[in-house]
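First up is the structure itself, then whatever we jot down about it.
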Amino acid sequence: MRLKLMRGKAQAQPDFLTVINLNQSVPADHPLRAIKARVDTVLKKLSPLFDDLYAEAGAPSIPPEQLLKARVLTALYSVRSERLFCEQLGYNLLWLWFLDREYSEGSFDHSVFAKNYERVLSADVAKLFFAEVYDLSRQEGWTSDDHFTADGTLIEAWAGLKSFVRKDGADAAKVQSAKDEDPGNPTISFRGEKRCNDTHQSPTDPESVLYRKASGKEAKLCFGGHVLMENRNGLCADFTLHDPIAESEPMMALRQMDAHQKLHQGVSAKTIGADKGYHRKDFVNGCRERDLAPHVACKNSTHLAGLDGRTVSQSGYQTSQRIRKRVEEIFGWIKTVGGLRRSRYRGLERTQAWGYFVAGTYNLVRLARLSLAAA
């Protein structure tokens with residue numbers, strides 16, 4: 001009796017025409033479905049804005065909704081560049097479905113992002129996208145309008161310390177000599193020289209500043225990133241980039257609270273939690289002027305008027321101090337998954353635009369998880 005071979009053999013795939021239903025290819029319980037539904041709701045609200053941004057006549061363009069959805073996917077899947085995203089989009093059925101593109105359409109050229117920055121990927125549009133996502137969370141009842149937490153971090157700029165040279169051009173000869181010796185990775189020695197923002201600047205990203213978060217930490221070219229978190233479910237209420245030298249974190253927190261209450265008319269916050277870095281007279285007085293209870297971690301050696309036993313002995317103060325640690329979850333996500341540990345763009349404005357998309361994507365992920373847990 002002849003035995004059959006058990007080893008299977010691969011068959012070469014012939015060229016043939018087929019029809020693929022992308023919606024059926026995605027499982028019904030896939031977590032991206034909950035995110036896509038919310039993104040579509042937000043983009044529907046922004047549709048009138050897109051109508052005003054595009055001319056009535058001319059060649060058809062990539063739909064702006066697809067470009068904004070591409071930003072969400074880039075943050076969600078930690079894609080390191082726009083070129084890599086466009087490469088993967090051509091064969092990723094899940095991404096094509098999320099962008100509402102037909103399989104036959106495939107991908108688009110990565111230069112589309114740069115060409116459409118001023119139109120639909122600017123900081124203003126990104127801010128509107130972020131605000132609409134947060135407003136959606138308020139409508140669904142996941143956020144608190146009473147209790148908030150503030151904290152800051154540093155976002156590394158797209159510039160190296162080698163580019164931090166004298167503004168008067170005194171280092172030009174030294175830099176050029178190093179580049180002539182090794183164009184790829186020049187060795188430039190600044191040993192014994194004092195470099196500071198008053199006399200030095202990076203031509204790679206002139207808006208970045210040399211700054212360190214605390215004593216003992218290394219100084220780096222960076223931007224300041226400040227988060228305002230609502231305390232009910234840890235959603236990001238605001239994410240603002242700033243010059244950490246010109247504007248301190250406590251003052252940024254007050255500015256964010258003012259902007260938040262102006263945007264959401266009728267909202268009157270009650271408390272704002274923070275760490276010891278906010279245990280300052282100007283911040284505590286600013287909170288009291290705004291009828292905010294400053295739930296700030298106290299320094300043992302410093303006593304401030306307006307922050308005494310009448311505040312720190314309250315149970316709400318202890319709750320704020322316990323919940324405020326969750327702001328680190330936002331920083332951790334936007335820096336690791338969102339890829340914002342270091343900016344991929346030059347300049348404060350473009351980095352802020354990307355920051356809004358990353359923070360908005362974090363909120364979308366958080367909303368999807370909250371909805372799933374509630375179900």
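Numbers for the structure displayed
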{"read-out": "Segment 115-132 - residue that is farther than 18 Å from Leu241 by Cβ and in contact with a helix residue (DSSP H, G or I) (Cβ under 9 Å, 6 or more places away or on another chain) and, of those, least open to solvent (accessible area, probe 1.4 Å)", "value": "Val120"}
{"read-out": "Some residue of segment 102-114 being open to solvent by 60 Å² or more (accessible area, probe 1.4 Å), of a type in the set (Phe, Trp, Tyr) and in contact with a helix residue (DSSP H, G or I) (Cβ under 9 Å, 6 or more places away or on another chain)", "value": "yes"}
{"read-out": "Within segment 98-125, tally of residues that are among the polar types (S, T, N, Q), farther than 21 Å from Thr361 by Cα and either modelled with pLDDT of 95 or more or in a loop (DSSP other than H, G, I, E, B) (or both)", "value": "2"}
{"read-out": "Pairs with Cβ under 6 Å, 6+ apart, first in segment 328-356 and over 18 Å from Ala123 (Cα atoms), second modelled with pLDDT of 95 or more and assigned to a helix (DSSP H, G or I)", "value": "Trp333/Tyr362; Arg341/Lys335"}
{"read-out": "First in segment 263-280 and polar (S, T, N, Q), second anywhere and outside any helix (DSSP H, G or I), Cβ under 6 Å, 6 or more apart", "value": "Thr271/His147; Thr271/Ala293; Thr271/His295"}
{"read-out": "Selection from segment 133-149 of residues that are in a loop (DSSP other than H, G, I, E, B) and open to solvent by less than 30 Å² (accessible area, probe 1.4 Å)", "value": "Thr143, Ser144"}
{"read-out": "Residues within segment 262-276 that are of a type outside the set (A, V, I, L, M) and open to solvent by less than 50 Å² (accessible area, probe 1.4 Å), tallied", "value": "4"}
{"read-out": "Matching residues, segment 311-364, being closer than 30 Å to Lys115 by Cβ, part of a loop (DSSP other than H, G, I, E, B) and open to solvent by 40 Å² or more (accessible area, probe 1.4 Å)", "value": "Val337, Arg341, Arg344, Arg346"}
{"read-out": "Residues of segment 213-235 satisfying the condition of being under 25 Å from Arg326 (Cβ atoms) and charged (D, E, K, R)", "value": "Lys213, Lys217, Glu230, Arg232"}
{"read-out": "Residue match in segment 75-97 (condition: closer than 22 Å to Asp51 by Cα and assigned to a helix (DSSP H, G or I))", "value": "no"}
{"read-out": "Qualifying position, being under 30 Å from Arg322 (Cβ atoms), surrounded by 14 or more Cβ atoms within 10 Å (Cβ to Cβ) and at pLDDT 90 or above, among Asp243, Asp238, Asp205", "value": "Asp238"}
{"read-out": "Candidate set from segment 286-310 (those that are part of a helix (DSSP H, G or I) and at pLDDT below 90); member that is most open to solvent (accessible area, probe 1.4 Å)", "value": "Arg310"}
{"read-out": "Residue that is within 30 Å of Pro250 (Cα to Cα) and out of contact with any Pro (no Cβ under 8 Å at 6 or more places or on another chain), where the choices are Arg83, Arg138", "value": "Arg138"}
{"read-out": "Only listed residue being open to solvent by less than 10 Å² (accessible area, probe 1.4 Å), in contact (Cβ under 8 Å) with a residue 12 or more places away in the chain and out of contact with any strand residue (DSSP E or B) (no Cβ under 6 Å at 6 or more places or on another chain), chosen from Lys45, Lys69", "value": "Lys69"}
{"read-out": "Index of the failed condition, Ser215 passing every other in (1) surrounded by 15 or more Cβ atoms within 10 Å (Cβ to Cβ); (2) closer than 21 Å to Pro250 by Cβ", "value": "(1)"}
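The values are calculated or read from the model by the stated rules, or taken from the named source; none is laboratory data. What you are looking at is a predicted structure, and each value in this text was computed from that prediction instead of being measured. All Cβ positions, even for glycine, are placed from backbone atoms using ideal geometry, and neighbour counts span all protein chains on display. Quick note on the areas: whole protein, heavy atoms, side chains included, nothing else; ligands and nucleic acids left out. Shrake-Rupley method; radii C 1.70, N 1.55, O 1.52, S 1.80 Å.
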